[in-house]
Amino acid sequence: MPLEVARVPVLSDNYVWLLHDSESCETVVIDPAVAEPVLAEAGRRHWQITQIWNTHWHPDHIGGNQAIKAATGCEVTAPAAEAARIPTLDRAVAEGDIVCLGDHEACVLEVPAHTAGHIAYHLPDAGLIFVGDTLFAMGCGRLFEGTPAQMHANMQRLAKLPPDTLVYCAHEYTLANGRFALTVEPDNLALTERMAEVEALRARGIPTVPTTIALERDTNPFMRAASVEELAARRAAKDAF
Ligand code: ZN
Ligand code: FE
C-alpha cells in the first residue's frame, strides 16, 4: 500500500485530498480550501504534510495554503500561468513538468478553460489524476476564463487516459450534474443506472468521488460531446439548469 488517499470534505461541497506515500513518509495536500480540517486529518493519521499541489487560483482551492505552509513548512506547487494570483507559491509548473512525491511521479497537464492556467496532476503509475474543477462526475467546470474549444480539448484528452484511472474531483456535484445529464441523454442506460446508484449514495450522505475515466466516457455529457458546438450548447444549458 505505497500510496493512500484521504478525503477531507470542507465548505459546502469541496473535497480536499491528502495523498500519502508510506515509503518516503511524504504527504501532499491537493487544493486546500481551508487549513484546519486538513491539518487535523493529517494529524489523526500521523501524516506529515510536505507539499501542497494547487490546480488553479480560486480561493476554494488555495485558501488553506498560507496556514498549512506556516504550520508545516511544506512546499507549494501551482500553475506558472497563475503564479501572480497564488502568492504562497514556491514552485511554478507547466505542461510536461514532473512533480514528485517520494518515488512517485505526477505529470502536469495543462487543462485551461475553468481558469486560464488550470492544471491537473496525473500519476500514471498509480492510476490517479487530480483534476480540480476541470472534470467532475458527469460534469465539467464552468468556463470562467476559457472557451468551449479548450474544454472540449480537455475532455478529449482526459478521455484517452487509461479507463480505470481514478479521477479525484474537487467538488461533490454529482447529483446535480447527473440530473442535467439525464436531460441530455435520457436513453443512456449507463447513465440511468449510474444515477440510481448516485441517488442512493447521496441519500445516505456517501461521497460519489472519485470517479473513473471509464464511467465518465459512458455517462458524462461533456466528455461525450461530439463537437465543440455540442459541448458549448450543453455547457450553456447546464449554466441555466
Ligand atoms: Zn474553481
Ligand atoms: Fe472549486
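Values for this structure:
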item: Residue list for segment 44-101, filter: touching a His at 6+ places or on another chain (Cβ under 6 Å) and away from ligand 2 (no atom under 14 Å from the Cβ); result: TRP47
item: Evaluation of VAL131 against (1) within 16 Å of ligand 2 (Cβ to nearest atom); (2) more than 15 Å from the chain's Cα centre (by Cα) (one fails), failing number; result: (2)
item: The lone exception for ALA153 - which of (1) at negative phi; (2) touching a residue at least 12 places away in the same chain (Cβ under 8 Å); (3) assigned by TED's automatic domain parsing to the domain that holds PHE222 it fails; result: (2)
item: Boolean, LEU161 is not in a loop (DSSP other than H, G, I, E, B) and not acidic (Asp, Glu); result: no
item: Any hit, segment 107-123, residues being within 13 Å of ligand 1 (Cβ to nearest atom), surrounded by fewer than 20 Cβ atoms within 10 Å (Cβ to Cβ) and either among the hydrophobic types (A, V, I, L, M, F, W, C) or not in a helix (DSSP H, G or I) (or both); result: yes
item: Only listed residue being buried (at least 22 other Cβ atoms within 10 Å of the Cβ), at pLDDT 95 or above, away from ligand 1 (no atom under 16 Å from the Cβ) and hydroxyl-bearing (Ser, Thr, Tyr), chosen from THR55, THR27; result: THR27
item: Selected residue [within 18 Å of GLY132 (Cα to Cα) and within 21 Å of the chain's Cα centre (by Cα)] from ARG179, ARG235; result: ARG235
item: Criterion: of a type in the set (D, E, K, R), within 16 Å of ligand 2 (Cβ to nearest atom) and either under 17 Å from THR212 (Cβ atoms) or surrounded by fewer than 15 Cβ atoms within 10 Å (Cβ to Cβ) (or both) - qualifying residue of GLU172, GLU145; result: GLU172
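Quick grid of which residues meet (1) outside any loop (DSSP other than H, G, I, E, B); (2) over 15 Å from ALA176 (Cα atoms):
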| site | (1), (2) |
| --- | --- |
| ALA190 | yes, yes |
| ARG194 | yes, no |
| LEU201 | yes, no |
| LEU215 | yes, yes |
| PHE222 | no, no |
| ALA225 | no, yes |
| ARG235 | yes, no |
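The values are calculated or read from the model by the stated rules, or taken from the named source; none is laboratory data. On a predicted model such as this, the values are computed, not experimentally measured, just so you know. FYI the Cβ positions are ideal-geometry reconstructions off the backbone, even for glycines, and counts take in every protein chain you see.
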